[in-house]
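The structure appears right after this line, and notes come after that.
The values are calculated or read from the model by the stated rules, or taken from the named source; none is laboratory data. Just so you know, these numbers come straight off a predicted model, no measurement behind them. Cβ sites come from the backbone with ideal geometry, for glycine too, and all protein chains shown count toward neighbours.
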Amino acid sequence: MRHLLGIKYLAVEEIEDILNVADNFKEVINRPIKKVPSLRDITIANLFFENSTRTRISFELAEKRLSADVINFSSSGSSVKKGETLLDTVNNILAMKVDMIVIRHATPGAPVFLSKRIDAQIVNAGDGTNEHPTQALLDCFSLREKLGTLKGANIAIVGDILHSRVALSNIFALKKLGANVRLCGPVALIPRYITELGVEIDYNLESTLQWCDAANMLRIQLERQNIKYFPSLREYAMQYGLTLPLLEKINKNIVIMHPGPINRGVEITSEVADCGQSIILNQVENGVAVRMAVLYVLANSRGIVKR
C-alpha cells in the first residue's frame, strides 16, 4: 500500500490490517507516555486547502505521537492565493525533503492526480465530495469496538448523502467488511444509481432506526449546495432529525455516530448527541489511533519504520 487515496482502492485485507494496527496504537495513546519512535526522522506535510478542525488536529497529533517531523500548510496566506498551481505548491514543499503528504482539497481526485506526478506517499484527508478514507476507517474501528464485528451488522447512514465524502467512503468500507448498509434522507439528497453500490434506500427515519444496529448521522452540507434541496432546515429536522423522543419510541439500543461538525438541533439534538448510546467522542479519540496506523502502515511499506 503505497498511498491511501480512497477506500475503493483498498483490499479487505488492507483495511483489516490498518484496523488491527490501530488496536495497538489505541493502547499506546492511553499510556502515560504516548509517543513511540516509529516515524522518527520522517517529515510529513499536512496540506489543507479546505477548512478543518478534527481531521487536521487528529493527523498532526498522530504524526507527533509517532515522532515524525511535522509541517502544517494552509492555503490562506500562501502562494496559492497568488495563482500558484497545486502541483507547483507540492513540488516546492517536496524540494525541502518531505517524505509524506496528507492532503485535503476541494477538488475530487486531487490526491490521485498528485500520486501520478510526485514521489512522496500521499494520504487523502478528504477530496471534495469524493472520499474521506480515514474517517471511514475510524468509523469502522469504532463500530467494531462497540459491536464486536461488522459482518452482518445493519448500519444506517442518514442525511446529506449526495454531498458527503464520508458517506461514500463508509459505504465502500462497510460493504467490504460484510455489513449491510441502508441510506436514509430526502429524495433530493440521495444520489441516483447509489444502489449499484449494494446499499438499500429508505426515506423514513423511524423505519430505518428500527432496522439498524448503528446510525451515522450526517450534517447538511450547505457550503456545497448551489440550490435548495428541501424547504427549510426546520422541516428537515422534523423529518430526519434524531431526537430523544424518537429514540424512546423505537425502544431499541442503537449506536449513535456523527463524523462532525455537529449542527445541534438539525440532524441530531443535544440530548441524543450527549446520551449514553452516542460514541461521537469515541470516534474522535479513535481517529488518532487509526491515523497513526495509516501512517505506520504506509511507512512500513517503504521499510522506513523505526522499530
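Brief remarks follow.
- Per-region count, the range 250-269, residues under 22 Å from the mean Cα position of the chain (by Cα) and either part of a helix (DSSP H, G or I) or free of Cβ contacts under 8 Å to residues at least 12 places away in the same chain (or both): 1
- Scanning the range 270-284 for residues that are assigned to a helix (DSSP H, G or I), more than 12 Å from the chain's Cα centre (by Cα) and in contact (Cβ under 8 Å) with a residue 40 or more places away in the chain returns a single hit, 282.
- Note on the range 1-120: enclosed helices (runs of 4 or more DSSP H) holding 1 or more residues that are touching a Leu at 6+ places or on another chain (Cβ under 9 Å) and of a type in the set (Gly, Ala, Ser) are 12-28, 54-65, 110-115.
- Checking the stated criteria, residue 292 turns out not to satisfy the condition of being within 26 Å of residue 235 (Cα to Cα) and crowded, with 21+ Cβ neighbours inside 10 Å.
- Residue list for the range 244-266, filter: surrounded by 12 or more Cβ atoms within 10 Å (Cβ to Cβ) and under 21 Å from residue 154 (Cβ atoms): 246, 247, 249, 250, 252, 254, 255, 256, 257, 258, 259
- Some residue of the range 101-108 being over 18 Å from residue 5 (Cβ atoms) and either surrounded by fewer than 15 Cβ atoms within 10 Å (Cβ to Cβ) or modelled with pLDDT of 95 or more (or both): no
- Failed item in (1) modelled with pLDDT under 95; (2) part of a helix (DSSP H, G or I); (3) not hydrophobic (A, V, I, L, M, F, W, C), with residue 287 passing the rest: (1)
- Considered as a group, the residues in the range 169-188 that are touching a residue at least 60 places away in the same chain (Cβ under 8 Å) and surrounded by fewer than 24 Cβ atoms within 10 Å (Cβ to Cβ) include one that is nearest to residue 266 (Cα to Cα), and that residue is 172.
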